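Please treat every number below as a calculation from the coordinates, not as lab data. These numbers come from a predicted model, not from an experiment. Cβ atoms come from the backbone with ideal geometry, glycine included; neighbour counts cover every protein chain shown.
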Amino acid sequence: MTTLQDPAQKRIVSIDLLRGIIMIIMALDHTRIYFHADANNYDALDLEQTNVIVFLTRWITHFCAPVFVFLSGTSAYLVGLRKGKKELSKFLITRGLWLMLLELTVVNFGWFFNIEFPVFYLIVIWALGLSMVVLAAIIHLPFKVVLAVGLIIVLGHNLLDNIHVEGTGVNAFLWAELHEQKRFDIAGHSVRTGYPVLAWIGIMVLGYCLGALYKTDFPGTKRRKILLTLGISSIVLFLLLRTINGYGDPHPWSTQSQMSHSILSFINVTKYPPSLLYSLIMLGPALIFLAMAEKPAGLAKPIIHIGRVPMFFYLMHLYLIHTTAMIAAELSGFKWSDMILSQWSWLEPQLKGYGFSLGFTYLAWAVFILLLYFPCKWYDKYKTSHKEKWWLSYL
């Protein structure tokens with residue numbers, strides 16, 4: 001059995017395991033985008049067009065972003081225990097800015113393969129980086145104040161749902177970047193605030209506070225009890241708030257013609273920006289998992305390798321999936337150049353009619369994970385044996 005903390009790595013293996021699982025699940029959604037035929041025909045969460053399997057294939061990947069951002073906050077706390085808050089702040093600022101630059105360059109190109117960069121989606125890596133920069137300042141507050149800030153943001157940001165700033169000026173952009181998806185034309189490029197960052201900051205701050213449970217002198221039994229209590233409480237609060245349709249998500253659920261779709265409507269919560277109910281139902285199970293996975297079995301080790309190098313996996317998987325999609329397009333009667341995109345693939349008219357069955361999509365996803373495992377394992381071992389190389393902590 002693997003213990004909670006690997007002495008050689010000084011890492012929390014349950015966190016790495018959970019991070020590895022969500023990275024693998026994330027790749028399913030991105031494989032679906034580039035390979036599933038219906039991804040170009042309708043929104044997988046549109047209850048008027050989707051079916052249960054397609055819906056859940058998309059919905060399950062909603063766990064990825066909030067859990068990853070949350071665990072990034074936890075990891076930051078653990079880094080701070082070793083290096084102190086001053087060094088942690090410096091690291092969060094530099095790594096955050098680096099991630100924001102990656103989003104605009106390497107990640108953007110991976111999504112679109114377009115050297116003209118016609119569109120910039122400020123999405124998950126951008127939000128992750130900007131949240132780190134903000135966290136760099138927040139950590140210097142007293143711990144209880146940090147916790148209060150995180151709770152106030154996550155619990156209260158839906159009170160801002162009806163506030164809008166019209167126009168395309170600086171104020172409108174700043175508000176959209178905080179709390180509203182919106183499109184702007186800037187210097188001949190389309191810029192879209194895909195992941196309004198306010199709620200993500202709150203999620204990262206709460207993840208940072210969770211790190212206190214992983215101090216070496218914190219009793220394991222007590223930690224697991226707290227994690228279980230928090231996880232179950234999050235799910236119960238979600239069920240209560242969602243049932244009454246009173247607060248926590250801008251889109252209330254409704255009874256559908258089929259019971260299955262009524263259930264789908266109930267769990268179909270808002271991700272952009274992540275509503276309170278979204279955060280509760282996504283992070284609750286993650287907390288329960290952390291409580292139960294402190295001694296993972298040997299079969300978890302391959303996933304842990306991926307969880308230890310998430311950014312490496314993220315960049316590799318984008319380029320692998322998109323490149324393979326170009327080949328698939330050429331082999332299925334389209335042109336490889338059809339996969340050079342100016343917007344998301346499902347909006348591109350030249351890709352109408354392209355795509356494969358959901359079964360084939362799942363098979364392609366499994367092959368991608370297998371192919372990515374080997375470089376991730378190599379890179380994990382390389383990082384472990386070259387800790388003196390500071391730049392490795394940025395990838």
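Under the shape rule built on the C-alpha gyration tensor, where the axes satisfy a ≥ b ≥ c, the chain is rounded, since a/c falls short of 1.5. Using C-alpha pairs under 8 Å with a sequence gap of at least 6, the mean separation divided by the residue count of segment 5-394 gives a relative contact order of 27 percent.
The phi-based Karplus calculation (6.51 cos²θ - 1.76 cosθ + 1.60; θ = phi - 60°) puts the 3J(HN,Hα) values of segment 320-337 at 5, 5, 5, 4, 5, 5, 5, 5, 4, 4, 5, 6, 10, x, 9, 9, 4, 5 Hz, whole numbers, x for Gly and Pro. How much FRET efficiency would the formula 1/(1 + (r/R0)^6) give for Leu315 and Ser257, where r is the Cβ-Cβ distance and R0 is 56 Å, rounded to 0.05? Between Leu315 and Ser257 the formula returns 0.85. Listed by chain and number, the aspartates and glutamates whose alpha-carbon sits under 17 Å from that of Lys271, ignoring those within fewer than 8 places in the same chain, are Asp29, Asp43, Asp46, Asp161, Glu177, Glu180, Asp249. Label separation (Ile232 vs Leu331): 5.0 nm, computed from points 7 Å beyond Cα along the C-beta direction.
Our summary gives segment 77-188 a relative contact order of 24 percent, counting only alpha carbon pairs under 8 angstrom and 6 or more residues apart.
Relative to a virtual label point 7 Å from the Cα of Tyr247 in the Cα→beta-carbon direction, which members of segment 258-285 show backbone nitrogen distances below 16 Å? Output list for this probe position: 275-280. Full extension of the chain between Asp217 and Ala187 yields a length gain of 5.5 nm, computed as 0.36 nm times the residue separation minus the alpha carbon distance. Built from the Cα atoms of segment 158-313, the convex hull projects on average onto 13.6 nm², one quarter of its surface area.
Place the peptides 53-60, 136-143 in order of packing, highest mean first, counting for every residue the other Cβ atoms within 10 Å and averaging per peptide.
So the order, starting with the most tightly packed, is 53-60, 136-143.
If I model segment 350-391 as equal point scatterers sitting on the Cα atoms and use the Debye formula, what is log10 I(q)/I(0) at q = 0.16 Å⁻¹? Debye curve over Cα of segment 350-391, log10 I(q)/I(0) at q = 0.16 Å⁻¹: -0.61.
Close amide H partners of Val119, meaning residues 5 or more places away or on another chain with modelled amide H under 5 Å apart, are Ser190.
For Leu395, put the label point 7 Å out on the Cα→Cβ axis and report which residues of segment 290-316 keep their amide N under 20 Å from it. Correct set: 305-316.
Taking packing as the residue-averaged number of other Cβ atoms within 10 angstrom, the listed peptides 330-339, 16-25 run from highest to lowest as 16-25, 330-339. Protection proxy ranking of 122-134, 260-272, by the mean of other Cβ atoms within 10 Å over each peptide's residues and highest first, is 122-134, 260-272. Note on the chain: antiparallel DSSP beta bridges, both residues inside, total approximately 60 percent of the bridges counted. Using a simple spin-label model with pseudo-atoms 7 Å out from Cα toward Cβ, Ile267 and Val106 lie 3.4 nm apart. Is segment 176-247 best put as rounded, prolate or oblate by its Cα gyration tensor, with a ≥ b ≥ c the root eigenvalues, rounded for a/c under 1.5, and otherwise prolate when a/b is larger than b/c, oblate when not? Verdict is oblate for segment 176-247.
Here the spin labels are modelled as points 7 Å beyond Cα on the Cα-Cβ line, and at Leu174 and Val145 they lie 2.2 nm apart.
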